[in-house]
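The values are calculated or read from the model by the stated rules, or taken from the named source; none is laboratory data. Everything numeric here is computed off the predicted structure, so don't read it as measured data. Here the Cβ positions follow ideal geometry from the backbone for every residue, glycine too, while neighbour counts run over all protein chains shown. Just so you know, the surface numbers come from the protein's heavy atoms only, side chains and all, with ligands and any DNA or RNA stripped out. Shrake-Rupley method; radii C 1.70, N 1.55, O 1.52, S 1.80 Å.
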Amino acid sequence: MSRLKPIHPDDMTDSAQRAYYDKIMNRENFKNLPSGTPLSGPFHAYQRSPNFASKMSDVTSYLRHDGLLEKRLVELATITTGRFWSAEVVFASHAPAAMEHGIDEAAIESIRHNETPVFERADEAAVYGFTHTILNKREVDDEIYAAALDVLGEAGLVELIALIGSYSLTSMTLNTFQIP
């Protein structure tokens, strides 16, 4: 049970809150929801601070859809981050996308069970290794750094770090407010 009461669209008095609601509901994966549906997932919490939420949405949208990382690597980093934080919403909503974009089902299942996955592709191994290590050890050694840098370049590595941070924030929000 969430610690936050859903905000029904009819109860919104803040124009920024309504603008954020409309922004989220206009996303492709929300367009089929019935009119007037309250926001769910982390959006449910973010709606309380709509100016922050709108900016965060822009950053996350850039990283997921317009950034330098391939979608398969975005989804791999996202599920690895979600699993680290035990944020079931993040993992459950992104595991199908990871598979759709080419991450092997066995690797996804290994991550789901907190086991070390085996990757055939060097870029996947590097992204997983970097993501897993920075989250668990709060730093990376020269070997892990070099492997990620080699496949992503400096700008791609910056965006990977931003993505990990973005989904850490999302995961912490879900966990703090106990959003199912």
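Points to keep in mind about this one:
- Members of segment 64-73 found to be open to solvent by less than 40 Å² (accessible area, probe 1.4 Å) and within 26 Å of Ala19 (Cβ to Cβ), listed by number: Gly67
- Subset of segment 36-46 (residues that are surrounded by fewer than 11 Cβ atoms within 10 Å (Cβ to Cβ) and closer than 27 Å to Glu159 by Cα): none
Residue by residue, here is whether (1) under 12 Å from Ala77 (Cα atoms); (2) among the basic types (Lys, Arg) holds:
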site: Ala95; (1), (2): yes, no
site: Glu115; (1), (2): no, no
site: Lys137; (1), (2): no, yes
site: Glu159; (1), (2): yes, no
site: Ala162; (1), (2): yes, no
site: Thr176; (1), (2): no, no
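- You will find that of Ser110, Ser49, Ser54, Ser61, the residue that is touching a Pro at 6+ places or on another chain (Cβ under 6 Å) and surrounded by 13 or more Cβ atoms within 10 Å (Cβ to Cβ) is Ser110 and no other.
- Set Leu163, Leu169: member being open to solvent by 40 Å² or more (accessible area, probe 1.4 Å), touching a residue at least 60 places away in the same chain (Cβ under 8 Å) and either over 23 Å from Ser86 (Cβ atoms) or part of a helix (DSSP H, G or I) (or both): Leu169
- Looking only at segment 93-105, and only at residues there that are at pLDDT 95 or above and part of a helix (DSSP H, G or I), the one that is most open to solvent (accessible area, probe 1.4 Å): Glu100
- Being within 14 Å of the chain's Cα centre (by Cα), part of a helix (DSSP H, G or I) and aliphatic (A, V, I, L, M) is a property that does not hold for Leu69.
- Count of residues meeting criterion [more than 22 Å from His65 (Cβ to Cβ) and open to solvent by 20 Å² or more (accessible area, probe 1.4 Å)] in segment 1-35: 19
- For segment 129-159, filtering for residues that are out of contact with any helix residue (DSSP H, G or I) (no Cβ under 6 Å at 6 or more places or on another chain) and among the aromatic types (Phe, Trp, Tyr) leaves 1.
- Some residue of segment 119-130 being open to solvent by 60 Å² or more (accessible area, probe 1.4 Å), β-branched (Val, Ile, Thr) and within 30 Å of Phe43 (Cα to Cα): no
- All of Arg64, Arg112 fail the test of being among the charged types (D, E, K, R) and under 21 Å from Ile179 (Cα atoms), apart from Arg112.
- Residues located in segment 1-33, provided they are part of a loop (DSSP other than H, G, I, E, B) and touching a helix residue (DSSP H, G or I) at 6+ places or on another chain (Cβ under 9 Å): Ser2, Arg3, Leu4, Pro6, Ile7, Met12, Asp14, Arg27, Lys31, Leu33
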